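Colleague: The structure that follows is given in the form of structure tokens.
Coordinate-derived values only; no laboratory data. Here the structure is a predicted model, which means the values were calculated and not measured. When we count neighbours, we look across all protein chains shown, and the Cβ atoms used for this are built from the backbone with ideal geometry, even at glycine.
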Amino acid sequence: MISRANKFVILSQSRSGSTLLKELLGSHPSIQCEGEILALTDGYLSNRFTLKAWQRLPILYFYCRKFQSKREVYGFTLFIYHTPYIKGSIETLSKMGWKIIHLKRKNIINQVISNIIARRNWYFHNFNNIDRTADNSFDISEDEFLKAIRIRINWHQKEKSILHNVEHLQVIYEDDLEDNNKWQDTVDKIFNYLKIESMPVNSGLHKTYTKSYSELVCNYRDLIACLDHHNLSEKLREIT
């Protein structure tokens with residue numbers, strides 16, 4: 001009989017649905033799913049000194065967090081840029097029995113715009129179901145947009161390289177998480193991957209804005225047009 005996997009990592013990027021997936025998995029009574037444990041933003045580390053120390057010893061840190069967990073199954077979120085040893089870390093975790101869940105967002109344009117807007121007004125997550133759409137419209141400079149697009153292309157290519165020979169389960173935000181009617185089917189797929197019993201899940205997380213980014217961003221058409229001018233449209237299609 002194959003035993004359950006008692007440890008996993010969600011490999012992802014910001015604005016890909018990792019907080020939502022963490023909430024859903026963490027609502028299972030047997031799972032403790034932590035967020036970005038190698039970042040100061042989520043409160044797991046208190047200062048930059050300890051952050052830099054654990055970035056250099058990530059595997060030891062991951063096991064320290066796991067041993068503190070009181071639930072049978074432990075997992076956390078790891079972004080592509082959380083440690084300079086990301087490739088070796090993922091390969092080592094996989095060899096040591098950690099299950100790798102790759103959470104990906106296909107629409108890099110929306111991912112970039114979402115991140116720029118969230119950082120601009122420091123509104124990353126909507127737990128109170130407050131719609132701020134009516135009070136906001138945004139203008140994004142082409143330079144800021146293009147720089148962010150190039151960074152994301154590099155990150156997506158790096159993820160593909162890291163996972164090339166690593167067993168993993170892929171979850172795609174647009175296909176598996178964007179519609180809340182698909183949440184249960186998505187986590188059931190993960191529960192099966194972890195070989196644990198399925199349970200009903202829930203999350204109090206809501207979309208930050210109800211309008212599309214083409215409506216929220218005043219110069220959206222100009223931003224899309226500049227992708228062709230800088231030969232980035234084809235690169236985006238190759239990744240997605």
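Colleague: Which entries in LYS158/LYS235; LYS66/LYS106; LYS95/LYS182 show an alpha-carbon gap greater than 22 Å? Can you show the working numbers first?
Modeller: Details: LYS158/LYS235 14 Å; LYS66/LYS106 30 Å; LYS95/LYS182 31 Å.
Result: LYS66/LYS106; LYS95/LYS182 exceed 22 Å.
Colleague: Moving on to the next point. Do any chymotrypsin sites (Phe, Trp or Tyr not before Pro) in region 63-141 lie in a DSSP loop with no more than 13 other beta carbon atoms within 10 Å, and if so, which?
Modeller: Working: sites: TYR63, PHE67, TYR74, PHE76, PHE79, TYR81, TYR85, TRP98, TRP122, TYR123, PHE124, PHE127, PHE138; in loops: TYR81, TYR85, TRP98, TRP122, TYR123, PHE124, PHE127.
For chymotrypsin sites (Phe, Trp or Tyr not before Pro) across region 63-141 that sit outside H, G, I, E and B with at most 13 neighbouring Cβ atoms in 10 Å, the list reads TRP122, PHE127.
Colleague: To continue, here is another question. Over the chain, how many percent of alpha carbon pairs lie in each 5 Å bin up to the one with the longest distance?
Modeller: In whole percents, the pair-distance histogram is 1, 6, 13, 17, 18, 17, 13, 8, 4, 1, 0, 0.
Colleague: Just to be sure I understand the model, the point goes 7 Å from the Cα along the line to the Cβ. What's the resulting ALA53 to ARG237 distance in nm?
Modeller: 5.1
Colleague: Taking every eigenvalue of the Cα gyration tensor of region 17-108, multiplying by 5 and rooting it, what semi-axes result, largest first, whole Å? Spell out each step's value before the answer.
Modeller: On the way: eigenvalues 72, 55, 44 Å².
So the equivalent ellipsoid measures 19, 17, 15 Å along its semi-axes.
Colleague: Work out the FRET efficiency for GLU215 and ALA5 from their Cβ-Cβ distance, taking R0 = 30 Å, and round it to the nearest 0.05. Let's see the in-between values first.
Modeller: Working: r = 42 Å, r/R0 = 1.40.
Working from the Cβ atoms, E equals 0.10.
Colleague: Over the alpha carbons of region 48-176, what is the largest minus smallest coordinate on each principal axis, giving the biggest first in Å?
Modeller: 47, 36, 33
Colleague: Shifting gears a bit: Distance between Cα centroids, region 102-156 to region 84-98: provide it in whole Å.
Modeller: 28
Colleague: As a test of the formula, what do you get for the chain when each DSSP H run with n ≥ 4 contributes -39,500 (n - 2.57) and the sum is divided by the residue count, at 222 nm and rounded to the nearest 500 deg cm²/dmol? Display every interim value, and only then the final one.
Modeller: Working: 10 runs with 108 residues, N = 240.
It comes out at -13500 deg cm²/dmol, rounded to the nearest 500.
Colleague: Another one. Which trypsin sites (Lys or Arg not before Pro) from region 8-76 combine a DSSP loop assignment with at most 16 other Cβ atoms within 10 Å? Intermediate values should be presented prior to the final figure.
Modeller: Working: sites: ARG15, LYS22, ARG48, LYS52, ARG56, ARG65, LYS66, LYS70, ARG71; in loops: ARG15, LYS70, ARG71.
Here the trypsin sites (Lys or Arg not before Pro) that fit, given the DSSP loop and packing criteria, are LYS70, ARG71.
Colleague: How much of the DSSP beta bridge set in the chain is antiparallel, as a percent to the nearest 5? Before the final figure, lay out the partial values.
Modeller: Details: 1 of 20 bridges.
Around 5 percent antiparallel, to the nearest 5.
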